[in-house]
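All remarks here apply to the structure that follows.
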Amino acid sequence: MSDYSLDFPFAHGEPLGSASFRSVPEDFVVDESLGFEPQGNGEHLLLHIQKRNQNTRWVAEQLAQIADIKAMDVGYCGMKDRRAVTSQWFSLYLPKKELNLQAVEALEGVTLLASGRHPKKLRRGDHQSNHFIIRLRELTADHSLLEQRLAFIAEQGVPNYFGEQRFGHDAGNLREFEQKFVGQSGDARSRNRQRGRRGGRSSGGGQSGIYLSAGRSYLFNRILATRMKQHSWNKPLEGEELPTGAMWGRGRHQGSEARVALEQQVADSLPGWGDALEHSGLSQERRDLVLHPQNLQWQFESNDLVLSFGLLPGCFATSVLRELTELNTAHSGRDIVGHLDNHNN
């Protein structure tokens, strides 16, 4: 496959005009909520850190160096974008020693907000939600039309697509997925999967897991796009309590014959993809087709629009924004997401 179309259908019509997106880091503020407090005891030290213009992986590497521990002993719930002001929690495995907090506070772009002991390591998706405050500048669309569109989004939600950055620059992660996993022998797939596991978060080997995740996410987006075209993305099919789509992997596909047939047809349109995902250590899961921003609020300030809303782990803020206006950015970077999946969703 050479054409990885990322032109997925919209739920509420074409975007209204355009806006400048993330002109400065303060235009994208993200606050991670754990949903619990450190217990005050345990082998792990939890740090609540605010960072500006720094990405999650870099901070984790710096913390490991300061604490003189392995990279795998630093935990976090999800990746946060670099070009933003974000707060999130990290855990450090320090059973018998304390951390030099002054060295943490000395890191460029880093502010230490709180710390406390806890018995468990933080893992991907452990947090409760992410809260966003986003400023869109230089709006070109009529404010009344934007307000009407926002009301539709607040009431009906948006398609729960994975953001385009999941697929890499110019869909490079999808090409890598096809080359490394699609059409490979079982032994070759196993070697690539093991490289991803050994590589972990901080080395190039972990890229294999990212490629698997990209392929799986793209297949989900194609399933969701098909449900969009059939006007069933926000309506349960027979046997569904809520509309969901397959996160492809090993296991029997559940649901009505109609849903199973639809999803299999989409998988068959990407030859070898379903088989590659089933034989790469992934278990089948379901993902909601509808994303409902939590407590969506907005305010116009001159020709800017300030948005405030919450998202559950795994949901992309740009899936909300794409339904509103076309985003103009002067840089490249990762999408803002509730969490970067752990190669299993």
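From the list A267, A258, A317, the one residue that fits, being surrounded by fewer than 17 Cβ atoms within 10 Å (Cβ to Cβ) and either assigned by TED's automatic domain parsing to the domain that holds E240 or more than 22 Å from Q230 (Cβ to Cβ) (or both), is A258.
Results for (1) in contact with a Pro (Cβ under 9 Å, 6 or more places away or on another chain); (2) in a helix (DSSP H, G or I); (3) at pLDDT below 95; (4) crowded, with 23+ Cβ neighbours inside 10 Å, shown as yes or no for each residue.
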position: A171; (1), (2), (3), (4): no, yes, yes, no
position: E176; (1), (2), (3), (4): no, yes, no, no
position: A188; (1), (2), (3), (4): no, yes, yes, no
position: S202; (1), (2), (3), (4): no, no, yes, no
position: G205; (1), (2), (3), (4): no, yes, yes, no
position: R216; (1), (2), (3), (4): no, yes, no, yes
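Scanning the range 237-255 for residues that are in a loop (DSSP other than H, G, I, E, B) and either in contact with a helix residue (DSSP H, G or I) (Cβ under 6 Å, 6 or more places away or on another chain) or surrounded by 15 or more Cβ atoms within 10 Å (Cβ to Cβ) (or both) returns L237, E240, P243, W248, G249, H253, G255.
Taken over the range 213-262, the criterion of being over 21 Å from the mean Cα position of the chain (by Cα) and among the small types (G, A, S) is satisfied by S232, G239, G251, G255, S256, A258, A261.
When you look at N100, is it of a type outside the set (A, V, I, L, M, F, W, C), surrounded by 20 or more Cβ atoms within 10 Å (Cβ to Cβ) and touching a residue at least 12 places away in the same chain (Cβ under 8 Å), yes or no?
In short, no.
For the range 30-63, filtered to residues that are hydrophobic (A, V, I, L, M, F, W, C) and assigned to a helix (DSSP H, G or I), the residue that is farthest from V306 (Cα to Cα) is L63.
Output the residues belonging to the range 19-78 that are among the charged types (D, E, K, R), closer than 30 Å to E326 by Cα and in contact with a Pro (Cβ under 9 Å, 6 or more places away or on another chain). Walk me through it before giving the result.
Kept after step one, since they are among the charged types (D, E, K, R), are these residues of the range 19-78: 22, 26-27, 31-32, 37, 43, 51-52, 57, 61, 68, 70, 73.
Restricting the remaining residues to those that are closer than 30 Å to E326 by Cα gives 22, 26-27, 31-32, 51-52, 57.
Within the range 19-78, R52 is the sole residue that qualifies.
Out of F132, F162, one residue alone is modelled with pLDDT of 95 or more, within 30 Å of H44 (Cα to Cα), of a type in the set (F, W, Y) and surrounded by 18 or more Cβ atoms within 10 Å (Cβ to Cβ). It is F132.
The values are calculated or read from the model by the stated rules, or taken from the named source; none is laboratory data. Predicted, not measured: the structure shown is a model, and the values here were computed from it. Neighbour counts are summed over all protein chains in view; Cβ atoms, including those assigned to glycine, are modelled from backbone coordinates with ideal geometry.
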